[in-house]
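Since the structure comes first, as structure tokens, the remarks are kept for the end.
What follows is calculated from the coordinates using simple rules that are stated; it is not laboratory data. Everything quoted here is computed from the prediction, not taken from an experiment. Here the Cβ positions follow ideal geometry from the backbone for every residue, glycine too, while neighbour counts run over all protein chains shown.
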Protein chains: 2
Amino acid sequence: MEDKKELKVSAIKNGTVIDHIPSQNLFSVINILGLNHIKQQVTLGFNLESKKLGKKAIIKVADIFFKDADLNKISLVAPDAKLNIIKDYSVVEKKVVSVPDEISGIAKCMNPKCITNHEQMTTSFDVVHKSPVALKCRYCDKITDQEHLEII
Amino acid sequence: MEDKKELKVSAIKNGTVIDHIPSQNLFSVINILGLNHIKQQVTLGFNLESKKLGKKAIIKVADIFFKDADLNKISLVAPDAKLNIIKDYSVVEKKVVSVPDEISGIAKCMNPKCITNHEQMTTSFDVVHKSPVALKCRYCDKITDQEHLEII
């Protein structure tokens with residue numbers, strides 16, 4: 001693990017480590033995974049040095065093993081996230097995230113006239129391209145591309 | 001330090017440690033101090049065991065030494081916060097927070113008819129009682145008490 005030399009956030013016994021999150025998107029990841037509403041212990045660091053990302057964040061969530069479908073929701077904001085599943089202080093599985101075929105919520109439709117920008121409702125997109133991301137709104141059919149992607 | 005036995009978030013060389021934050025108010029503290037916009041390294045833990053608070057959070061901010069006036073802003077959401085100022089890995093000063101005499105922003109006026117709940121504007125209160133807190137709105141003169149205190 002890259003951070004072993006200088007461990008900023010201590011090891012967990014059981015749970016999930018999410019590494020290589022772009023620092024500026026940390027709070028989006030927290031919201032998407034609902035970490036602000038869980039009871040389990042969470043430790044994290046941000047603005048940590050990363051050659052690849054400039055500044056990265058890492059989150060360690062004790063005793064929670066997320067479903068892949070939930071983890072993939074963070075792919076829009078943390079496409080390079082690396083996950084380690086920890087049991088008894090050992091990494092038992094490594095995962096990466098992949099952009100799902102459809103996205104519900106999370107992103108904003110870039111069409112200012114889209115109904116989702118005027119009513120209290122959840123956005124919904126088909127993913128028409130994964131890298132860079134292009135999302136086709138199911139309400140107005142307009143494409144929201146990576147450059148205009150705004151996280152709710 | 002209470003967390004020395006089992007250090008969840010590693011020591012910092014220089015900076016500020018904010019301990020004994022109620023876990024449910026961690027993100028309010030982060031917003032109030034603007035930690036989501038700084039470049040310095042931040043490590044934190046939440047849902048950590050605390051005899052006093054049930055679940056507590058701790059934040060360690062490298063290389064930042066906050067002004068007392070800024071620290072006191074968190075008193076509404078973390079009245080029992082204990083601060084350690086760290087230099088060269090040693091605690092050089094300990095601080096507690098105290099409720100200031102006036103509050104700008106941070107809290108919502110509990111009067112639904114108050115102009116601050118209808119226009120895009122910053123709330124402003126005189127603190128008429130500190131524990132429990134009672135805030136007198138400078139716009140509508142209504143008192144927002146501890147029980148009805150809502151953080152923006």
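For the peptides A:129-138, A:38-47, B:122-131, what is the packing order when you average, over each peptide's residues, the other Cβ atoms within 10 Å and list the highest mean first?
A:38-47, A:129-138, B:122-131
With the label 7 angstrom out along Cα to Cβ, how close does A:Ser10 come to the same site in each of the other copies, in nm, nearest first?
So the label point of A:Ser10 gives 1.3 nm to the other copies.
For the stretch A:18-101, what does the alpha-carbon gyration tensor say about shape, rounded, prolate or oblate, given a ≥ b ≥ c as the root eigenvalues, a/c under 1.5 as rounded, and a/b over b/c as prolate?
Rounded.
Students often get this wrong: which residues of the stretch A:84-105 have the backbone nitrogen under 14 Å from the point 7 angstrom along Cα-to-C-beta of A:Met121?
Those under the cut-off are A:105.
Give, rounded to the nearest 20 debye, the magnitude of the charge dipole that the protein assembly as shown has about its Cα centre when Lys and Arg contribute +1 at Cβ and Asp and Glu contribute -1 at Cβ.
Taking the Cα centre of the protein assembly as shown as origin, the dipole is about 600 debye.
For B:Pro112, place a label point 7 Å from Cα along the Cα-to-Cβ direction in every copy; what are the distances to the other copies, in nm, shortest first?
Inter-copy label distances (nm, one decimal, shortest first): 3.2.
Measure up A:Lys94/B:Lys39; A:Lys51/A:Lys73; B:Lys13/B:Lys130; A:Lys60/A:Lys130 against 31 Å on the Cα-Cα distance and list the ones that go over.
B:Lys13/B:Lys130
Give me a single rounded figure for B:31-41: the average over its residues of other chain Cβ atoms within 10 Å of their Cβ.
2
Hey, which aspartates and glutamates would be in cross-link range of B:Lys56, C-alpha to C-alpha under 13 Å, not counting anything within fewer than 8 residues on its own chain?
B:Glu2, B:Asp3, B:Asp19, B:Asp80
Where in the stretch A:1-106 are there GluC sites (Glu not before Pro) that are in a DSSP coil and have at most 14 other Cβ atoms within 10 angstrom of their Cβ?
Answer by residue number: A:Glu6.
For the stretch B:107-152 and the stretch A:46-92, compute the distance between their C-alpha centroids and round to whole Å.
39
If the only charges are +1 at each Lys and Arg Cβ and -1 at each Asp and Glu Cβ, what is the size of the charge dipole of the stretch B:3-125 around the Cα centre, to the nearest 20 debye?
The dipole of the stretch B:3-125 has a size of about 380 debye.
Projected onto the charge dipole of the stretch B:1-74 (+1 at Lys/Arg Cβ, -1 at Asp/Glu Cβ, origin at the Cα centre), which of B:Ala11, B:Leu71, B:Asn31 gives the Cα projection farthest towards the positive end?
Of the options given, the answer is B:Ala11.
Identify, among A:Asn111, A:Ile152, A:Gly45, the residue whose Cα sits farthest towards the positive end of the charge dipole of chain A, taking +1 on the Cβ of Lys and Arg and -1 on the Cβ of Asp and Glu, with the dipole about the Cα centre.
Selected residue: A:Gly45.
As an exercise, use a Förster radius of 30 Å and the Cβ-Cβ distance of A:Asp80 and A:Ala11 to find the FRET efficiency, rounded to the nearest 0.05.
So the FRET efficiency works out to roughly 0.85.
Got the B:Gln146 label distances to the other copies yet, label 7 Å along Cα→Cβ, in nm, shortest first?
Copy-to-copy label distances at B:Gln146, shortest first: 5.2 nm.
Quote the FRET efficiency, to the nearest 0.05, computed for B:Asp88 versus A:Lys94 with a Förster distance R0 of 45 Å and r equal to the Cβ-Cβ distance.
0.75
Give me Rg/Rg_expected for chain B, where Rg uses Cα atoms only and Rg_expected = 2.2 N^0.38 Å with N residues.
1.11
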